[in-house]
Structure formats: C-alpha cells, structure tokens
1. Please determine whether any residue of the range 27-35 is modelled with pLDDT under 95, under 20 Å from residue 138 (Cα atoms) and either of a type in the set (Gly, Ala, Ser) or open to solvent by less than 40 Å² (accessible area, probe 1.4 Å) (or both).
2. Looking only at residues that are outside any strand (DSSP E or B) and open to solvent by 40 Å² or more (accessible area, probe 1.4 Å) in the range 262-278, which one is farthest from residue 235 (Cα to Cα)?
3. Go through the range 50-70 and report how many residues are within 19 Å of residue 14 (Cα to Cα) and not in a helix (DSSP H, G or I).
4. Just to be sure before I move on: is residue 148 surrounded by fewer than 18 Cβ atoms within 10 Å (Cβ to Cβ) and either in contact (Cβ under 8 Å) with a residue 24 or more places away in the chain or not in a loop (DSSP other than H, G, I, E, B) (or both) in the structure I sent?
5. Taking the condition under 16 Å from residue 308 (Cβ atoms) and among the charged types (D, E, K, R), does residue 95 pass?
6. Can you run down the residue pairs with Cβ atoms below 6 Å, 6 or more apart or on separate chains, where the first is in the range 279-305 and more than 25 Å from residue 2 (Cβ to Cβ) and in contact (Cβ under 8 Å) with a residue 60 or more places away in the chain and the partner is small (Gly, Ala, Ser) and open to solvent by less than 10 Å² (accessible area, probe 1.4 Å)?
7. Looking at this structure, is residue 234 open to solvent by 60 Å² or more (accessible area, probe 1.4 Å) and over 30 Å from residue 59 (Cβ atoms)?
8. Residue pairs, Cβ under 7 Å, 6 or more apart or interchain, first in the range 154-166 and at pLDDT below 60, second outside any strand (DSSP E or B) and open to solvent by 40 Å² or more (accessible area, probe 1.4 Å). List them.
Amino acid sequence: MKVLIRGAGVAGLTLAHELATRGAEVTVVEKRRQIAGNASWHAGGMLAPWCERESAEEAVLSLGRDAADWWNAALPGHIMRNGTLVVAPARDAAELDRFGRRTSAFRQIDAEAVTELEPDLEGRFGRALFFAREAHLDPRKVLLGLKEKLVQMGVRFEFGFGAVQAPGSPGIEVDCTGMADTRPGLRGVRGEMLILRTTEVSLARPVRLLHPRIPVYVIPRSGNLFMVGATMIENDATRPITTRSVMELLNAAYALHPAFGEAELVETGVGVRPAFADNLPRVERDGNTIRINGLYRHGFLLAPAIARQAAGLILGHETKKELADETHR
C-alpha cells in the first residue's frame, strides 16, 4: 500500500515508522526544508505519563505508559530511564501534596533520598515525589535519528513548500500538519522554553519544580545543556518569547539551583501545540484521507500509540469505533 504523510513532526515520523515496519510504501512531505523548527523540535521530550496524569485525562496515561518501550525499540540507546523527580519549595509544600493526590506510581522520598538521586540538590528540598518508571529523550536527536532510520528503511522524504503543494499519491494520504490543519475546534496552545548551559549543575533526570502559578521542568541534555520549560498560553501566536516568560523561567531555574543564575542562555524557543477542547488526540478518516492531530503537550508521549492506531486503521486492522474506545479508555 502507498501512503503519503504530510508533516515531518513527531506524529508523521512515528506513523511512517509503523507503516514502513508493516511493509507499506511511505512518502513523507514537509513544508520546511529540514527536520527542525517545528513544535516537536521545541518539545521537552518527557515520557512521563504518571506525572502528566496530574492535569490530564486517564487516556493520556493509558496511551502513554508504553511510550518509552516503543522509543527504545525504534531507537535503542536514545531513551534515558531515570524517572522523574518532583519537588517544591518549602513554602509550596501543599502543591507537592496536591500533585501526589492527583497521580500515582510514585514514592515519597525525604531529603536524604533526594540527595542520593541528585547530589547537586543536596539540602535544597526536604521531600519530593519520585516517579521511577518514567523516562525522557532528547527530541532533536530522536527526530533526526528517526528520519535517518526511515530513509534506510526505504521511506522517501520531500522537503520544501513545493513538495507539500504537489498532488498526493493514489493511495492513502495522512495529514499530520498540526496547526496547519484548519479544522474547526482545533486551537493552538503556545509553549515557550529556554536552553541553558552550565557546568555547575548536574542532573540525571527531569526535575519538575511545583509552584502555584508557573510550575516548570528542567530537563538535562548532553553537552551541559538544560531545557527549561514550558509556559502554556492559550493562543497560537508564533512571535518570539516574551520578556515576562524569560524572567519567570529563569527565576524557576534559579529556585531549583542558584548556579543556574550564572548559566549561559543559549537559546529561546516557541512552539504552538495543536489541541482539541478535551486536550486528547484524534485519528479520523474521511475516505482515503486520515487526519492525526491534537497531541497537545504530549507529542512524544502519545505519538507511538496514536501511530499504532492510525497504522491499524490504514491497513484495515482496526475500526473507527475501536480507535475511539482506545483513545478514551
């Protein structure tokens, strides 16, 4: 079967992998000239279904719990299974309790255990929540690695606006274009992030710092880099990050560890995440056209399950009702 996928973000690439693995002839077209710059490029890469359950529907947990296994099978060596640490300043201890009541699969740990997990946080937090089963990845390395693997698997890529404008194939066409999709009910949620560089802090896992107004996360990456994110602003503006957001994210990083105050600010970024009213993704079919959208802030977490569902629908292994039941269970 021939399948044309429009969009080379995380949704398009994971679907291409599922289809190519099952023997489909896949072409991916992308209006950008390279795998960079889209919302997936600016993502945090946390595979944290239990943490996300704090503010998300049960479907995010059920769809996302196997994401780390999928990514590890697709790109061995890219997944870091060190869990997630959730902390809060002493004055916001109630936020830690509230977070714990809304999720599961964690253990309460004391200051000594925090130090064992993250020595550089010694003496900074009296207690924390540790989600040992969670993982994280570097979205940029994963997107580039997955694209390279897909080429080796025979997937064809076409980049540039002309490629997107070209007529589709006579087979199935899949729209994974995110905010370029003009369907009613789809909204944009703006997320802003920073990348800092410092040799004065070392972290082994994502750390979420809770605050009543702007909870943030700090994610370690190679090269002494740390991604700090992310705001959630209910609009689809693509303009550069605001001064207010930079100050709030930097203040949060400083609250986690004062050494971030001397870090280099090497990058700022903005990504607009597509979402429906329920903040859950949808796989919809209209004849020979499939649409995948609405992954919201859970792109790398939910894309594997959604790709499996869409591949099953495309290749005739699942019905629309089965897809809907799985997404909302």
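The values are calculated or read from the model by the stated rules, or taken from the named source; none is laboratory data. Here the structure is a predicted model, which is why all the values come from computation and not from measurement. Cβ sites come from the backbone with ideal geometry, for glycine too, and all protein chains shown count toward neighbours. Side chains included, ligands, DNA and RNA excluded: accessible areas come from the protein's heavy atoms. Shrake-Rupley method; radii C 1.70, N 1.55, O 1.52, S 1.80 Å.
1. Looking for residues that are modelled with pLDDT under 95, under 20 Å from residue 138 (Cα atoms) and either of a type in the set (Gly, Ala, Ser) or open to solvent by less than 40 Å² (accessible area, probe 1.4 Å) (or both), one finds at least one in the range 27-35, hence yes.
2. 262
3. Number of matching residues: 2.
4. Against the criterion (surrounded by fewer than 18 Cβ atoms within 10 Å (Cβ to Cβ) and either in contact (Cβ under 8 Å) with a residue 24 or more places away in the chain or not in a loop (DSSP other than H, G, I, E, B) (or both)), residue 148 qualifies.
5. No.
6. 280/59; 294/275; 296/275; 300/45; 301/64; 301/67; 302/64
7. Answer is no for this residue.
8. As it stands, the answer is 164/31, since those pairs meet every condition given.
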